[in-house]
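Asker: The structure under discussion is supplied below as structure tokens; questions concerning it will follow.
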Amino acid sequence: MAVPRASIHGEWSSGLVFILAATGSAVGLGNLWRFPYLVGENGGAAFVIIYLLCILLVGLPIMIAEITIGRRGKRSPINSLRSVSLEEGRSRRWSLLGWLGVAAGFFILSFYSVVGGWALFYVLQALLGSFGGITADAASELFDTLLASPGSVVVWHTLFMLILFVIVAAGVRRGLQRAVTLLMPLLFVLLILLVGYGMAASGAFQEAMAFMFRPDFSAVEAGTILTALGQAFFTLSLGMGAIMVYGAYLSRQESIAKSAAWIVGMDTATALLAGLAIFPIVFAAGLEPGEGPGLVFVTLPIVFGEIPFGYGLGLLFFVLLSVAAVTSGMSLLEPATAYLTEQTGGNRAQAAALITGLIWVLGIACGLSLNVWSGFELLPGMGIFDALEFVSNDIMLPLGGLLIAVFVAWRMRLSSVVSELGADQDSAVFKTWLFATRFVAPAAVILVFLNATGLFG
Ligand code: TRP
């Protein structure tokens with residue numbers, strides 16, 4: 001199979017759009033909820049420093065590798081891996097790595113969509129003014145009632161999937177590109193407004209700064225490094241072909257390494273800004289930062305119910321959360337949709353409908369596992385939601401990332417890689433990247449993987 005010159009799905013109209021789209025994929029619940037919470041639990045600034053090292057030494061090299069495969073192949077991850085491996089004189093079985101990614105995308109999106117649905121539900125609650133003067137008990141009850149209601153969970157998950165379907169079915173230019181050029185600036189504006197409020201009005205900005213940037217290395221344990229590395233993967237959307245398929249739509253003129261540096265930089269900045277937006281609000285209300293899943297859905301509504309401008313800020317926040325979840329969810333739907341479109345001769349809307357439908361069904365199972373099926377265990381001690389999250393995040397993503405690094409750094413010809421990256425083979429930057437991709441990233445991923453399977457740490 002020859003490698004096509006251009007993607008049949010179309011291309012981003014510029015390198016900037018690619019950066020926006022990939023940043024949209026990367027910036028999601030991982031940044032706005034998980035990152036601040038992990039910072040709180042793992043020694044504040046000490047964790048931030050380790051996390052930044054993981055992003056730089058493992059995340060950035062693998063992101064460059066993933067985009068390289070995508071742009072070289074110009075198709076869905078499965079077909080790109082097949083054609084690039086044949087072109088490089090390697091086994092066509094590398095396409096199985098694409099299948100691994102498609103499967104991971106199904107699993108991740110099925111629970112991601114359930115949580116995305118919660119975000120939409122909270123937009124409605126914010127609009128209705130439900131947070132005004134809400135007590136801690138009432139806020140917990142609001143969240144618990146949502147989770148306990150199979151009808152609500154399924155309806156909001158359905159709405160979230162429908163939004164993704166409409167965008168992805170419309171295609172690369174008319175769907176994905178239009179959505180990110182509209183939503184990403186909105187996301188940054190909302191985030192900056194929230195940070196601005198934290199700085200100017202909350203009276204707790206100093207406290208939040210100290211919490212996030214004053215290192216306490218005594219809180220760092222062996223597991224902290226592995227937590228930081230796992231978070232680096234998830235937050236950068238690496239390991240399942242999302243970034244790879246977006247790379248397939250990138251024009252040959254654009255620099256892969258520069259784009260990757262921008263994406264990684266913006267994702268990291270967003271995570272840090274999310275902390276600086278959320279913690280001042282939490283501290284100003286005298287609440288605990290290490291709240292876990294409750295931080296966003298239980299703690300913040302209490303805060304929004306008390307503070308000045310709480311109605312507007314609450315609405316802003318949940319719109320921000322929903323927008324971030326939508327632009328991430330799109331990228332989880334795209335690899336499988338692109339593959340099916342290629343295999344069936346090009347009807348993207350039908351392909352998107354079928355893939356959306358399958359994930360929707362799996363998502364219903366995730367949603368119901370929180371209430372009516374809560375007794376059922378898919379894996380020991382884990383319901384459907386938790387089991388899919390565990391298998392995809394802790395096993396499939398690290399494995400996918402490892403294989404992507406191995407394929408590009410060990411299986412592709414150096415000349416192909418050099419030409420795709422437009423790099424100077426003797427430059428220090430290229431050599432550093434190659435070393436990181438050959439040795440550092442695989443070794444680090446193996447550690448995460450062992451940790452996830454419980455054999456280590
Ligand atoms: N990065 C997103 C977040 O932080 C989630 C996400 C989107 C993702 N696409 C992905 C994670 C692909 C892993 C793989 O919320």
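Asker: Looking only at the range 243-265, decide whether some residue is small (Gly, Ala, Ser) and at pLDDT below 85.
Answerer: No; the residues of the range 243-265 include none that is small (Gly, Ala, Ser) and at pLDDT below 85.
Asker: On to the next question. Search the range 37-58 for residues being touching a Leu at 6+ places or on another chain (Cβ under 7 Å) and over 19 Å from Met240 (Cβ atoms), and hand back the single one that is most open to solvent (accessible area, probe 1.4 Å).
Answerer: Once the filter is applied, the top-ranked residue is Tyr37.
Asker: Test Ala405 against the criterion of being away from the ligand (no atom under 13 Å from the Cβ), out of contact with any Leu (no Cβ under 9 Å at 6 or more places or on another chain), closer than 20 Å to Arg174 by Cβ and open to solvent by less than 10 Å² (accessible area, probe 1.4 Å), and give yes or no.
Answerer: no
Asker: Name the pairs whose Cβ atoms lie under 9 Å apart, with the first residue in the range 393-405 and more than 8 Å from Gly239 (Cβ to Cβ), the second open to solvent by 10 Å² or more (accessible area, probe 1.4 Å) and not in a helix (DSSP H, G or I), and 6 or more positions between them or separate chains?
Answerer: Going by the 9 Å Cβ cut-off, the qualifying pairs are Asp394/Thr453; Ile395/Thr453.
Asker: Test Val448 against the criterion of being open to solvent by less than 20 Å² (accessible area, probe 1.4 Å), hydrophobic (A, V, I, L, M, F, W, C), modelled with pLDDT under 95 and in contact with an Asp or Glu (Cβ under 9 Å, 6 or more places away or on another chain), and give yes or no.
Answerer: Spelling it out, Val448 is indeed open to solvent by less than 20 Å² (accessible area, probe 1.4 Å), hydrophobic (A, V, I, L, M, F, W, C), modelled with pLDDT under 95 and in contact with an Asp or Glu (Cβ under 9 Å, 6 or more places away or on another chain).
Asker: List every residue pair whose Cβ atoms sit under 9 Å apart, with the two residues 6 or more apart in sequence or on different chains, where the first one lies in the range 231-249 and is near the ligand (Cβ under 8 Å from one of its atoms) and the second, anywhere, is assigned to a loop (DSSP other than H, G, I, E, B) and among the aliphatic types (A, V, I, L, M).
Answerer: Here the result reads Thr235/Val27; Ile243/Leu236, each pair linking the range 231-249 to a residue that is assigned to a loop (DSSP other than H, G, I, E, B) and among the aliphatic types (A, V, I, L, M).
Asker: Another question about this same structure. Considering only the range 222-273, how many residues are among the aromatic types (Phe, Trp, Tyr) and within 19 Å of Ala405 (Cα to Cα)?
Answerer: The number of residues fulfilling the criteria is 3.
Asker: Check every one of the helices (runs of 4 or more DSSP H) wholly within the range 13-61 and list those with 3 or more residues that are farther than 25 Å from Ala208 by Cα.
Answerer: Counting at least 3 such residues, we get 15-26.
Asker: Could you tell me how many of the residues in the range 102-111 are among the aliphatic types (A, V, I, L, M) and open to solvent by 10 Å² or more (accessible area, probe 1.4 Å)? Before the answer, list the steps.
Answerer: Step one: filter the range 102-111 for residues among the aliphatic types (A, V, I, L, M), giving 102-104, 108-109.
Still in the list and also open to solvent by 10 Å² or more (accessible area, probe 1.4 Å): 102-103.
Residues flagged as among the aliphatic types (A, V, I, L, M) and open to solvent by 10 Å² or more (accessible area, probe 1.4 Å) within the range 102-111 amount to 2.
Asker: Identify, by number, the condition in (1) surrounded by fewer than 21 Cβ atoms within 10 Å (Cβ to Cβ); (2) touching a residue at least 24 places away in the same chain (Cβ under 8 Å); (3) among the aromatic types (Phe, Trp, Tyr) that Trp99 doesn't meet.
Answerer: Unmet condition: (2).
Asker: If you don't mind, another one. Just a yes or no: is a residue in the range 213-235 open to solvent by 70 Å² or more (accessible area, probe 1.4 Å), among the hydrophobic types (A, V, I, L, M, F, W, C), in a helix (DSSP H, G or I) and under 19 Å from Ala269 (Cα atoms)?
Answerer: yes
Asker: Counting just the residues of the range 332-361 that are more than 16 Å from the ligand (Cβ to nearest atom) and closer than 17 Å to Val155 by Cβ, which one comes out least open to solvent (accessible area, probe 1.4 Å)?
Answerer: Step one: filter the range 332-361 for residues more than 16 Å from the ligand (Cβ to nearest atom), giving 340-354, 357-358, 360-361.
From what's left, closer than 17 Å to Val155 by Cβ: 357, 360-361.
Numbers: Gly357: 29, Trp360: 91, Val361: 85 Å².
For the range 332-361, the residue satisfying everything is Gly357.
Asker: Then there's this: Might you check whether a residue that is more than 20 Å from Ala324 (Cα to Cα), modelled with pLDDT of 80 or more and touching an Asp or Glu at 6+ places or on another chain (Cβ under 9 Å) occurs anywhere in the range 272-281?
Answerer: Checked against the condition, which is being more than 20 Å from Ala324 (Cα to Cα), modelled with pLDDT of 80 or more and touching an Asp or Glu at 6+ places or on another chain (Cβ under 9 Å), the range 272-281 yields at least one hit.
Asker: Which residue is farthest from Pro301 (Cα to Cα), if the candidates are limited to the range 124-153 and must be in a helix (DSSP H, G or I) and open to solvent by less than 30 Å² (accessible area, probe 1.4 Å)?
Answerer: Val153
Asker: Within the set of pairs 6+ apart or on separate chains, which have a first residue in the range 208-229 that is closer than 24 Å to Ala284 by Cα, a second that is open to solvent by 50 Å² or more (accessible area, probe 1.4 Å) and hydrophobic (A, V, I, L, M, F, W, C), and C-beta atoms under 7 Å apart?
Answerer: Every condition considered, the pairs that remain are Pro215/Ile49.
Asker: In the range 120-131, is there at least one residue being within 16 Å of the ligand (Cβ to nearest atom), out of contact with any Lys or Arg (no Cβ under 9 Å at 6 or more places or on another chain), in contact (Cβ under 8 Å) with a residue 12 or more places away in the chain and closer than 26 Å to Gly314 by Cβ?
Answerer: Among the residues of the range 120-131, at least one is within 16 Å of the ligand (Cβ to nearest atom), out of contact with any Lys or Arg (no Cβ under 9 Å at 6 or more places or on another chain), in contact (Cβ under 8 Å) with a residue 12 or more places away in the chain and closer than 26 Å to Gly314 by Cβ, which makes the answer yes.
Asker: Please specify each residue of the range 76-109 satisfying the condition of being within 16 Å of the ligand (Cβ to nearest atom) and not in a helix (DSSP H, G or I).
Answerer: The answer is Ser76, and nothing else.
The values are calculated or read from the model by the stated rules, or taken from the named source; none is laboratory data. Everything numeric in this text was worked out from a predicted model, so none of it was measured. We place every Cβ from the backbone using ideal geometry, glycine too, and count neighbours over all the protein chains shown. Please note that ligands, DNA and RNA were not included when accessible areas were found on the heavy atoms of the full protein model with its side chains. Shrake-Rupley method; radii C 1.70, N 1.55, O 1.52, S 1.80 Å.
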